[in-house]
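Participant: Below is a structure I'd like to ask you about.
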Amino acid sequence: MTDTALESLYSYPADGTWVTANFVSSVDGAVSVDGRSRGLGSPADKQIYLLGRDLADVVLVGAGTVLVEGYRGARPDADRRARLGLAASLPIAVVTARGTLTPDLPLFTDALEPPIVITCASAGMSKLPCDVITAGEDSVDLGLAVEALKARGLHRINLEGGPRLFGSMVEAGLVDALNLTVSPLLAVGDAPRITAGPVVPPVDLALASVLRADDVLLMRYHRRNSS
């Protein structure tokens, strides 16, 4: 498919706030190899991963994923974003309830703009050199977090993980869509699934599209009650 066709296929709805989760897993459901998702990657997956960022207003990610994957500031395709009428910059919003972020991380030092930190009052993160959203007292209220992003004009939310944040977002009824790449690997081992957390009622999804790149499958699902 052409870049323009992919942009149309993976585009966000024109109105409202929309949360799309982006994950890659092995055929047997592992979300990582040797603790990192990059072991499951492929050129096709990277293309969709970067497209997901280019189409979004903000990246939402858990602090654990930031630390394990070595997150830096986002550098989206400025030409594509200008053509689509989006802001040139793409902030990364990091969810943490434990105060594990420090200003010497690449997320702060190697970024075109500071991240947004979404936390709770007890984590003591208010002095970080960035926009800090306090969403709750002893735990992060993800509903309040999404509302705070909306208040900042950030309606297209690209959720990149990890599994616990994704599971919590599903539990709170905040995920509208899932872009899932299935890598042609059997990973075995004890790697987690793409979601983690307490048991919740299953969420009914509708298959929106399937693309194939060699042996890699790239699927899009929408929650059935999301327009």
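Participant: What is the distance in Å between the Cα centroid of region 95-117 and that of region 16-88?
Facilitator: So the separation of the two Cα centres works out to 17 Å.
Participant: If you average the sequence gap of Cα pairs under 8 Å that are 6 or more apart and divide by the length of the chain, what percent do you get for the contact order?
Facilitator: Relative contact order here is 27 percent.
Participant: Ranked from highest to lowest mean number of other Cβ atoms within 10 Å per residue, what is the order of the peptides 159-166, 143-150?
Facilitator: 159-166, 143-150
Participant: Roughly what % antiparallel, to the nearest 5, for the DSSP beta bridges in the chain?
Facilitator: Bridges in the chain that DSSP calls antiparallel: roughly 35 percent.
Participant: In whole Hz, what ³J(HN,Hα) sequence does region 154-166 give by Karplus (6.51, -1.76, 1.60; θ = phi - 60°), x for Gly and Pro?
Facilitator: Each residue's phi maps through the Karplus curve to give 9, 9, 9, 9, 9, 8, 9, x, x, x, 5, 5, 4 Hz.
Participant: Which percent of the accessible area of the chain is formed by carbon and sulfur heavy atoms (probe 1.4 angstrom)?
Facilitator: About 53 percent, which is the carbon plus sulfur part of the accessible surface.
Participant: So what J values fall out for region 169-175 if you push phi through Karplus, 6.51 cos²θ - 1.76 cosθ + 1.60 with θ = phi - 60°, rounded to Hz, Gly and Pro as x?
Facilitator: 5, 5, 4, 7, x, 9, 9
Participant: Amide H to amide H, which residues 5 or more places from A74 or on other chains are under 5 Å from it, using H placed in the peptide plane?
Facilitator: Amide H neighbours of A74, under 5 Å, 5+ apart: I92, L112.
Participant: Can you match log10 I(q)/I(0) by the Debye sum over Cα atoms at q = 0.08, 0.16, 0.17 Å⁻¹ to one of these, [x] -0.27, -1.20, -1.37; [y] -0.43, -1.11, -1.17; [z] -0.34, -1.05, -1.13, based on a calculation from the structure here?
Facilitator: [x]
Participant: Further question on the same structure: For the chain, what does the helix formula give at 222 nm: sum of -39500 (n - 2.57) over DSSP H segments with n ≥ 4, over the residue count, nearest 500 deg cm²/dmol?
Facilitator: Value at 222 nm, helices only: -6500 deg cm²/dmol.
Participant: Taking only C-alpha pairs under 8 Å that are 6+ residues apart, what is the relative contact order of region 14-129 in percent?
Facilitator: Worked out over region 14-129, it gives 21 percent.
The values are calculated or read from the model by the stated rules, or taken from the named source; none is laboratory data. Quick caveat, the model's predicted, so the values are computed rather than measured. Cβ coordinates were reconstructed from backbone atoms using ideal geometry, including for glycine residues, and neighbour counts include every protein chain displayed. SASA here: full protein model, heavy atoms, side chains in, ligands and nucleic acids out. Shrake-Rupley method; radii C 1.70, N 1.55, O 1.52, S 1.80 Å.
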